[in-house]
Amino acid sequence: MDNHTRKLLGLTDKHLFFDEEWLIEKEYKGVQAQFIKGRLDDSPSHCEHCGSIRIIRNGSYTTRTQILKVKEKLTILELKRTRFLCYDCGQTFSAKTDLVDEHHQLTKELKQAILMELYENQSRKLIAKKYFVSDGTVTRILREATKHYQPRMNFLPTVLCMDEFKSMKSVSGSMSFICVDGTTNQLFTTLEDRRLYKLTQYFLRFPRKARLKVKYLVMDMNASYCQLLKTVFPNAEIVTDRFHIVQHINRSFNQLRVQIMNRFRTSHSENQKKYRRLKRYWKLLLKDSTTLEPLKRHYHRLFKRPISQTEIVDELLSYNEELRTAYHFCQLLRYYFVKRGTEGFQETLKTISSTLPQSFKKKFTIFHRYQSGISNAFKVSHSNGVTEGLYNKIKLIKRIAFGYRNFYNFRARIYLQQGLIFEN
């Protein structure tokens, strides 16, 4: 084997020797494989067990090591290794090579290639099939890469974005916990259980000096994480995620629209028209009124005439006074939300019309409970947008893998794809 072929195959160890007929093709484990036959002959200066120089050659034995595939075929490096015997301690040892770790059957290059495949979004079984290894081998390579990952337990970012996600049925809690560094938008940690006492135990592992530097906790309005302020982050303030504020406004109004729409679900022809229109054009009622097109008219089948978006909304609101009142109330809330008007937002909540249904008004009492968090959301730019995006990626990892049974394998895959392992 010439030097160019050695470089091409990654067999540049100077202690490797090959004959002229070094390549053999035959069936191995049910597939057509290529065998590269060679000899590993080292000349150690001393015994690796006791350090004695009184060593002699003591025969040889054959090992098979899988290397990177060539021509999309399974490729095996079959080496005859020299064995050495120490006169002083009586121990034996064999010649070593940097191509493969001791007692391993995959070369370091092959493991690195599999690890890079794990970085992409594909199932472990697909990777295993591609590289002629088992699914368990791919899992072991993943664990081996992540076991050395040690998070910094003396540092906490000034902004922590918190959320929960559904990981798997085998975890102790119903939901798992995800936390993102709000300053760098990088994943900070993922925990198996989102329950308060588990989070408290985890964050109390950080020194008090690091916990005092946390300024903001960004979360949705359904979270109980605000209780962490008392025991864990005394200097932090709650920031309610702005997306969830708008989402709550839209959902509350949309539920009222559905209730009113169903009142027109009768046999009367005019009521049927109103029902179909309220059902068809619901998205226009949720749009910001300033973005509606007032002049451009298009033909709409349910109205049987050219009509603009503004005229459609006015027509729909004319069907019910409660719907009209709720619409203007929600539009005013959204106006102050866009303008970051904290006082106007809170005053609008206080002046909600008494004519609106009690079930609708009750939905907005949650804004009073999270008043400070909403005020902070208007002041600072931090949000859970990156966290929600990361959650979508986690769902994609889970779906492509057809689910996970082990949370720590799942978390290792997340850390790997987010670059935490390579960064470390």
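Of all the criteria given as (1) modelled with pLDDT under 90; (2) assigned to a strand (DSSP E or B), the one not satisfied by S267 is (2). The number of residues in region 280-333 being of a type in the set (S, T, N, Q), surrounded by fewer than 13 Cβ atoms within 10 Å (Cβ to Cβ) and part of a loop (DSSP other than H, G, I, E, B) comes to 1. Restricting region 354-410 to residues that are in a loop (DSSP other than H, G, I, E, B) and among the charged types (D, E, K, R), the residue that is farthest from T325 (Cα to Cα) is R405. Selection of region 193-215 for residues being in contact (Cβ under 8 Å) with a residue 24 or more places away in the chain, surrounded by fewer than 20 Cβ atoms within 10 Å (Cβ to Cβ) and not hydrophobic (A, V, I, L, M, F, W, C) yields K198, T200, R205, P207, R211, K213, K215.
Conditions (1) charged (D, E, K, R); (2) in contact with a Phe, Trp or Tyr (Cβ under 7 Å, 6 or more places away or on another chain); (3) in the same structural domain as I76 (by TED's automatic domain parsing); (4) part of a loop (DSSP other than H, G, I, E, B), marked per residue:
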{"residue": "L8", "(1), (2), (3), (4)": "no, no, yes, no"}
{"residue": "L11", "(1), (2), (3), (4)": "no, no, yes, yes"}
{"residue": "E20", "(1), (2), (3), (4)": "yes, no, yes, yes"}
{"residue": "A33", "(1), (2), (3), (4)": "no, no, yes, no"}
{"residue": "H46", "(1), (2), (3), (4)": "no, no, yes, yes"}
{"residue": "G51", "(1), (2), (3), (4)": "no, no, yes, yes"}
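Report yes if A95 is modelled with pLDDT of 90 or more and of a type in the set (A, V, I, L, M), otherwise no. For A95, the condition - modelled with pLDDT of 90 or more and of a type in the set (A, V, I, L, M) - is not met. Of all residues assigned to region 253-264, none qualifies as being aromatic (F, W, Y), surrounded by 15 or more Cβ atoms within 10 Å (Cβ to Cβ), under 30 Å from S381 (Cα atoms) and in contact with a Lys or Arg (Cβ under 8 Å, 6 or more places away or on another chain). Would you please name the residue that is surrounded by the most Cβ atoms within 10 Å (Cβ to Cβ), looking only at residues in region 143-153 that are in a loop (DSSP other than H, G, I, E, B) and touching a Phe, Trp or Tyr at 6+ places or on another chain (Cβ under 7 Å)? For region 143-153, the residue satisfying everything is Y149. When R369 is tested against the conditions (1) over 29 Å from the mean Cα position of the chain (by Cα); (2) over 30 Å from D193 (Cβ atoms), the lone failure is (2). Does V133 qualify as being buried (at least 20 other Cβ atoms within 10 Å of the Cβ), closer than 22 Å to L118 by Cβ and touching a residue at least 60 places away in the same chain (Cβ under 8 Å)? Yes.
Out of V138, V100, one residue alone is under 20 Å from the mean Cα position of the chain (by Cα), modelled with pLDDT of 90 or more and not small (G, A, S). It is V138. Would you confirm, using the coordinates I've provided, whether L110 is crowded, with 16+ Cβ neighbours inside 10 Å, aliphatic (A, V, I, L, M), in contact (Cβ under 8 Å) with a residue 24 or more places away in the chain and over 19 Å from K73 (Cβ atoms)? For L110, the condition - crowded, with 16+ Cβ neighbours inside 10 Å, aliphatic (A, V, I, L, M), in contact (Cβ under 8 Å) with a residue 24 or more places away in the chain and over 19 Å from K73 (Cβ atoms) - is not met. If you scan region 322-345, which residues turn out to be closer than 15 Å to G373 by Cα and touching a Phe, Trp or Tyr at 6+ places or on another chain (Cβ under 8 Å)? Answer for region 322-345, where residues must be closer than 15 Å to G373 by Cα and touching a Phe, Trp or Tyr at 6+ places or on another chain (Cβ under 8 Å): F337, R340, G341, T342, F345. Considering only residues that are assigned to a loop (DSSP other than H, G, I, E, B), crowded, with 21+ Cβ neighbours inside 10 Å and touching an Asp or Glu at 6+ places or on another chain (Cβ under 9 Å), which ones fall in region 165-192? The one that is assigned to a loop (DSSP other than H, G, I, E, B), crowded, with 21+ Cβ neighbours inside 10 Å and touching an Asp or Glu at 6+ places or on another chain (Cβ under 9 Å): S167. Take region 35-44 and flag every residue that is more than 14 Å from V70 (Cα to Cα) and part of a strand (DSSP E or B). Once the filter is applied, which keeps residues that are more than 14 Å from V70 (Cα to Cα) and part of a strand (DSSP E or B), region 35-44 yields K37, G38, R39, L40.
The residues on offer are I414, I394, I374, and the sole one that is modelled with pLDDT under 95, surrounded by 15 or more Cβ atoms within 10 Å (Cβ to Cβ), in contact with a Ser or Thr (Cβ under 7 Å, 6 or more places away or on another chain) and assigned by TED's automatic domain parsing to the domain that holds Q227 is I414. Considering the conditions (1) at positive phi; (2) exposed (fewer than 13 other Cβ atoms within 10 Å of the Cβ); (3) touching a residue at least 60 places away in the same chain (Cβ under 8 Å); (4) not polar (S, T, N, Q), D98 is excluded by exactly one of them, (1).
The values are calculated or read from the model by the stated rules, or taken from the named source; none is laboratory data. Given the structure is predicted, the values throughout are model-derived calculations rather than measurements. A quick note on method: Cβ atoms are made from the backbone with ideal geometry, for glycine too, and the neighbour counts reach across all protein chains shown.
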